[in-house]
Amino acid sequence: MKIFLDCIPCFLMQALDACRIATVDPVVHERIIRRVLHGLGDIPFDDSPPQMGAIIHRIVREETGHPDPYHPVKARFNRLAQGLLPILRNKIESCDDPFAAAVRVAVSGNIIDFAQGTGLDESEVETAIDDSLSQVFDIDHLARLEAALDGASSILYLGDNAGEIVLDRLLLQQLPKDIVTFVVRGAPVINDATIEDAEAAGLTELVEVIDNGSDIPGTVLEECSPAFVKRFQEADIVISKGQGNYETLSDAGREVFHLLKVKCPVIARDIGCPVGSRVVLQKKPNSFRTTERGPGR
């Protein structure tokens, strides 16, 4: 997915939010915004939005000297999600279809996303997750995912945000864990999960965890490590969480199953569903749009 003109105001707000998290110095804020404006003038619109996101957050880290401005936020939402795990696990285990229930919880966890702004509070997350078990998918390719998983010998699961990856545990426990590799970012960017977050979430004790070698808030294969790219190419199944991974892999040369909550009008138009939709989407090579919807839509 490429950059649209509609992305420009979002980039600037993302930069402003990030610099205000990293420092209270208005002089540094101005310097960051001026550098971001210059970067917006240079970036090719054929790039994906997360590639500009990476430039923004590199500038913030350089200008503030802060290697991970979102670290306290990530730790807070990791703790919040950990506190929800026991109740959610019991609810999932009591469902008629635990796998579908775990997918719903995993998708609802995608609300923990600070690329869209820093106004998210804990009660909003708790409500979204609590409601998830009774919600339908707006695009529902869950049966296709289940069919693809049957007989698979390797599963690559691309994680997204801190806090959210704690809830991914509930879905990982529904998968054959010995063939799952969970992937995090190679360096801090926004509130995207890193190896440190995976350790805090207990994922490293559950499945193999690797990083993709990149600080882009998505998965740009050309910028990832050769070891990750090899895993991506060879995996039987790729499960991709979140908008950043969708934006960078929606035109990938292989099948990917995208699990996300749609929070952006540009992504909503690209997928073909309203903002706020919960999506389980099978994306095949050269498959740009789907019209299949869940029940009740």
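Residues Asp192, Asp215, ranked from the fewest to the most other C-beta atoms within 10 Å, line up as Asp215, Asp192. Note: relative contact order over the chain, using C-alpha pairs below 8 Å and six or more positions apart, is 21 percent. The helix-based estimate of mean residue ellipticity at 222 nm for the chain, built from -39,500 (n - 2.57) per DSSP H run of four or more residues and divided by its residue count, is -14500 deg cm²/dmol to the nearest 500. Each peptide in 220-226, 162-168, 69-75 gets a packing score, the mean of other Cβ atoms within 10 Å over its residues, and the list from highest to lowest is 162-168, 69-75, 220-226.
If you take the square roots of the eigenvalues of the alpha-carbon gyration tensor of segment 7-64 and sort them as a ≥ b ≥ c, do you get rounded (a/c under 1.5), prolate (a/b over b/c) or oblate? Kindly include the intermediate steps, with their values, before the conclusion.
Numbers: a/c = 2.05, a/b = 1.94, b/c = 1.06.
Note, shape of segment 7-64 comes out prolate.
Extension gain for Asp130 to Glu234 (0.36 nm times residue separation, less C-alpha to C-alpha distance): 33.8 nm. Place a label point 7 angstrom from the Cα of Asp251 along the Cα-to-Cβ direction, then list the residues of segment 1-30 whose backbone nitrogen is under 19 Å away. The answer is 1-8.
Compared with the alpha-carbon gap, the fully stretched path from Asp178 to Arg144 is longer by 10.1 nm at 0.36 nm per residue. Look at the alpha carbon pairs under 8 Å that are at least 6 residues apart: their mean separation over the length of segment 7-64 gives a relative contact order of 48 percent. Taken about its Cα centre, the chain carries a charge dipole of about 400 debye when Lys and Arg each add +1 at the Cβ and Asp and Glu each add -1 at the Cβ. Apply the a/c threshold of 1.5 to the C-alpha gyration tensor of segment 71-283 and tell me whether it is rounded, prolate or oblate. Rounded is the answer for segment 71-283, as its axis ratio a/c remains below 1.5. Mind checking the angle between helix 7-22 and the chain's longest principal axis? C-alpha axes, 0 to 90 degrees, to the nearest 10. Computed tilt is about 80 degrees. Placing R0 at 22 angstrom, the Cβ-Cβ distance between Gln82 and Glu196 gives a FRET efficiency of 0.90 after rounding to 0.05. Computed from Cα positions, the angle between helix 122-132 and the longest principal axis of the chain comes to roughly 30 degrees. Once the Cα atoms are used to define both axes, helix 71-93 deviates from the longest principal axis of the chain by about 10 degrees.
Relative contact order for segment 151-297: what is it in percent, counting Cα pairs under 8 Å that are at least 6 residues apart? List each step's numbers first, then the result.
Details: 263 pairs, mean separation 29.7, N = 147.
Over segment 151-297, the number comes to 20 percent.
Values quoted throughout were computed directly from the atomic coordinates according to the rules given, and no laboratory measurement underlies them. From a predicted model like this one, the values you see are computed outputs, not experimental measurements. Methodologically, a virtual Cβ is constructed for each residue, glycine included, from the backbone with ideal geometry; neighbour enumeration extends over all protein chains shown.
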